[in-house]
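First the structure, in the form of structure tokens, and then the observations on it.
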Amino acid sequence: MKRRQTLSSILKYFVLAVILLFLLFPLYWVLITSFKTNMEAYAFPPSFIPKSPTVESYINLFTVNNVFFVYYKNNFIVSGISAALTVLVALLSGYALSRFHFRWNGWIVAAFLSAQMFPMISRLISLYGLMRGMHLINTHPGLILALTAAMLPFSIMLMSSFFDSVPVAVEESARIDGAGRFGVLFRIVVPLVKPGILAVGIYSFLLAWDDYLHAATLIQTDGLRTLSIGIALRYLGELSYDWSLINTISIVGTIPMLLLFFFFQKYMVKGLVAGAVKG
């Protein structure tokens with residue numbers, strides 16, 4: 001019996017190790033390629049450890065190719081504002097959906113769910129026409145509004161599930177003590193749903209940071225482009241790529257996301273799981 005349990009544990013850990021290796025290998029490959037020369041990056045068979053490690057690509061990124069940091073700054077601006085706006089709207093809308101029950105609630109939830117069923121590309125034509133009518137094409141506000149609208153359905157449903165987990169009796173007690181509706185929301189309820197707010201904020205920031213289609217559709221000026229579309233149009237050539245530089249850009253562009261996960265991973269996982277279970 002013990003032998004069978006030991007073999008089962010060994011097999012389980014072996015499978016987990018294989019899965020972990022499979023998931024981490026692309027990140028490892030990007031990292032080592034950033035320290036290779038471009039000639040070595042094209043060499044066949046490929047080398048799994050740089051033969052002559054160099055930081056030339058990192059130096060060039062900060063000196064010769066530093067227009068990358070314009071895209072970097074734009075990405076922070078667009079992602080940060082989109083995430084903050086999404087959290088604010090999801091907070092208010094999720095609270096309303098959770099607390100104010102009327103006959104249209106089911107249809108609203110169905111509309112949010114159906115919005116997640118359609119591929120993003122199918123909405124871009126009508127979105128472009130709408131933004132052009134509002135004179136928001138080729139502007140950061142237009143891109144921020146488009147990203148916020150794309151992230152709101154899921155964010156509202158997630159926040160609503162967190163508000164459902166807060167007993168109504170807590171709010172009724174505060175109302176008896178003289179607190180108004182907004183006072184109850186921001187002083188009593190919001191501190192109880194902090195994991196949900198963090199989950200929505202991180203989710204929104206990640207989606208906005210990695211966005212490509214909205215930026216490619218709505219932004220034409222090079223100085224306004226965000227990271228994904230800026231890299232694709234400036235650093236990916238038609239005939240040949242500087243793979244060392246491209247992987248260096250990928251590493252530098254990934255750093256904010258790694259830091260975000262490092263500091264908030266516990267809260268994000270806790271928030272998503274709690275919202276899923278309690279909802």
- Note on the structure: Relative contact order in percent for the range 67-209 (Cα pairs under 8 Å, 6+ apart) equals 47
- Query: Between HIS101 and ALA43, what is the spin-label point distance in nm, taking each point 7 Å from the Cα along the Cα→C-beta axis?
  - Reply: 6.8
- Once all protein chains are kept in place, ILE32 shows an accessible area at probe 1.4 Å, nearest 10 Å², of 10
- Using a 1.4 Å probe, what is the accessible area per residue for the chain, in Å²? 60
- At q = 0.08, 0.12 Å⁻¹, what base-10 log of I(q)/I(0) does the Debye formula yield for the chain when every alpha carbon is treated as an equal point scatterer in vacuo? -0.49, -0.94
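Considering only protein heavy atoms and a 1.4 Å probe, what is the carbon-and-sulfur percentage of the accessible area of the chain? Working shown, then result.
Numbers: 11960 of 16820 Å².
Carbon and sulfur atoms account for 71 percent of the accessible area of the chain.
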- Give the accessible area for ASP210 in Å² (nearest 10); use a 1.4 Å probe, count only protein heavy atoms, and leave out ligands, DNA and RNA. 100
- Note on the structure: Once all protein chains are kept in place, PHE76 shows an accessible area at probe 1.4 Å, nearest 10 Å², of 90
- Cα→Cβ-extended label distance, 7 Å offset, between LEU16 and LEU124, nm: 4.1
- Could you give the DSSP H helices of the chain that reach 27 angstrom or more along their long axis (alpha carbon positions) and whose average Kyte-Doolittle hydropathy is no lower than -1.0? 2-34, 68-99, 140-164, 243-278
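Just order 117-124, 244-251 by mean Cβ neighbour count inside 10 Å, highest at the front, would you? Let's see the in-between values first.
Working: 117-124: 11.0, 244-251: 21.4.
Per-residue mean Cβ counts within 10 Å order the peptides as 244-251, 117-124.
Assign one of three labels to the range 2-56, namely rounded, prolate or oblate, based on the Cα gyration tensor with a ≥ b ≥ c the square roots of its eigenvalues; rounded applies when a/c is under 1.5, prolate when it is not and a/b is larger than b/c, and oblate otherwise.
Cα axes put the range 2-56 in the prolate bin.
How far, in nm, would the chain grow between GLU56 and GLN116 when pulled straight, counting 0.36 nm per residue and subtracting the alpha carbon separation? Don't skip to the answer; put the middle values down first.
On the way: separation 60, 0.36 × 60 = 21.60 nm, distance 4.36 nm.
That works out to 17.2 nm of additional length.
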- Message: Can you compute the modelled spin-label distance between LEU24 and LEU88, with each label point 7 Å from Cα toward Cβ, in nm?
- Response: 4.1
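The values are calculated or read from the model by the stated rules, or taken from the named source; none is laboratory data. Please read all numbers here as calculations on a predicted model, not as lab measurements. Neighbour counts are summed over all protein chains in view; Cβ atoms, including those assigned to glycine, are modelled from backbone coordinates with ideal geometry. Quick note on the areas: whole protein, heavy atoms, side chains included, nothing else; ligands and nucleic acids left out. Shrake-Rupley method; radii C 1.70, N 1.55, O 1.52, S 1.80 Å.
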